[in-house]
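Here is the structure we will look at.
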Amino acid sequence: AQKVTQAQTEISVVEKEDVTLDCVYETRDTTYYLFWYKQPPSGELVFLIRRNSFDEQNEISGRYSWNFQKSTSSFNFTITASQVVDSAVYFCALIHNAGNMLTFGGGTRLMVKP
Amino acid sequence: KAGVTQTPRYLIKTRGQQVTLSCSPISGHRSVSWYQQTPGQGLQFLFEYFSETQRNKGNFPGRFSGRQFSNSRSEMNVSTLELGDSALYLCASSLGQFTDTQYFGPGTRLTVL
């Protein structure tokens with residue numbers, strides 16, 4: 001069975017601080033994909049990144065960066081110089097080749113204060 | 001390209017009633033998945049349709065059902081509503097392989113009184 005754990009339920013930072021959201025996953029599959037989604041108050045899940053299990057290269061997109069480490073089964077997300085608009089709930093998710101269904105973590109609510 | 005659309009955005013029903021939610025996928029996407037989001041259980045997979053066939057199903061009672069039409073639009077139905085069915089129902093579409101990204105709609109917020 002697959003499982004995704006986001007131990008941080010809520011994080012509060014002041015604008016311009018860097019913040020890292022943790023994600024730990026469990027799966028027996030060797031082929032899988034990991035995702036991060038952002039859910040603003042409007043409710044829609046916004047896709048941020050997809051990473052496959054064979055690509056451990058870190059990725060940077062503007063102020064966002066992701067660190068994938070298979071050795072620790074982690075896929076952490078860092079926001080550099082956070083902004084108020086980054087306030088949202090962030091979900092880490094896993095999908096594997098046995099079925100086209102996402103397994104989500106519990107989410108981390110990020111509050112960025114001005 | 002237009003994103004995933006869901007209608008209605010909000011619904012209020014009473015226990016025992018039934019409800020139908022609609023989802024229109026991104027043009028060209030053949031897979032539609034449904035998820036339920038509640039404060040207690042988080043985001044849970046309901047089912048997935050691909051080419052008008054249910055391909056995967058989550059652990060939900062038979063009161064939850066769905067279908068997909070030839071244009072890939074999908075509907076989900078919940079019969080005999082219970083208070084615990086109050087949730088945000090999210091629809092996602094993708095090209096169809098598990099390697100493809102699922103893009104979500106804005107959701108339908110269902111309140112059962």
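The values are calculated or read from the model by the stated rules, or taken from the named source; none is laboratory data. Values in this document were obtained by computation on a predicted structure and should not be read as measured data. All Cβ positions, even for glycine, are placed from backbone atoms using ideal geometry, and neighbour counts span all protein chains on display.
Below are the figures for this structure:
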quantity	calculated
Residue in the range A:96-104 that is without any contact (Cβ under 8 Å) to a residue 60 or more places away in the chain, among the hydrophobic types (A, V, I, L, M, F, W, C), closer than 19 Å to residue B:97 by Cβ and crowded, with 20+ Cβ neighbours inside 10 Å present	yes
Sole exception among (1) more than 14 Å from chain A (Cβ to nearest Cβ); (2) under 19 Å from residue A:45 (Cβ atoms) for residue B:95, by number	(1)
Residue B:83 touching a residue at least 40 places away in the same chain (Cβ under 8 Å), touching a His at 6+ places or on another chain (Cβ under 8 Å) and not hydroxyl-bearing (Ser, Thr, Tyr)	no
One residue from A:24, A:19, A:89 being within 11 Å of chain B (Cβ to nearest Cβ), under 15 Å from the mean Cα position of the chain (by Cα) and among the β-branched types (Val, Ile, Thr)	A:89
Residues that are in contact (Cβ under 8 Å) with a residue 12 or more places away in the chain and either within 20 Å of residue A:96 (Cα to Cα) or assigned to a strand (DSSP E or B) (or both), drawn from the range A:51-68	A:51, A:52, A:53, A:54, A:55, A:56, A:61, A:64, A:65, A:66, A:68
Scope the range B:11-66; condition among the charged types (D, E, K, R) and either modelled with pLDDT under 95 or under 19 Å from residue B:97 (Cα atoms) (or both); matching residues	B:30, B:48, B:52, B:55, B:57
Residue match in the range B:52-61 (condition: more than 21 Å from residue A:46 (Cβ to Cβ), surrounded by 13 or more Cβ atoms within 10 Å (Cβ to Cβ), within 11 Å of another protein chain (Cβ to nearest Cβ) and touching a residue at least 40 places away in the same chain (Cβ under 8 Å))	no
Complete set of residues in the range A:7-30 that are touching a Gly at 6+ places or on another chain (Cβ under 9 Å) and crowded, with 16+ Cβ neighbours inside 10 Å	A:23, A:24, A:25
Candidate set from the range A:31-50 (those that are within 7 Å of chain B (Cβ to nearest Cβ) and in a loop (DSSP other than H, G, I, E, B)); member that is surrounded by the most Cβ atoms within 10 Å (Cβ to Cβ)	A:45
Near pairs, Cβ below 6 angstrom, 6+ apart or cross-chain, from the range B:25-51 (away from chain A (no Cβ under 11 Å) and more than 24 Å from residue B:2 (Cβ to Cβ)) to any residue that is in a loop (DSSP other than H, G, I, E, B) and modelled with pLDDT of 95 or more	none
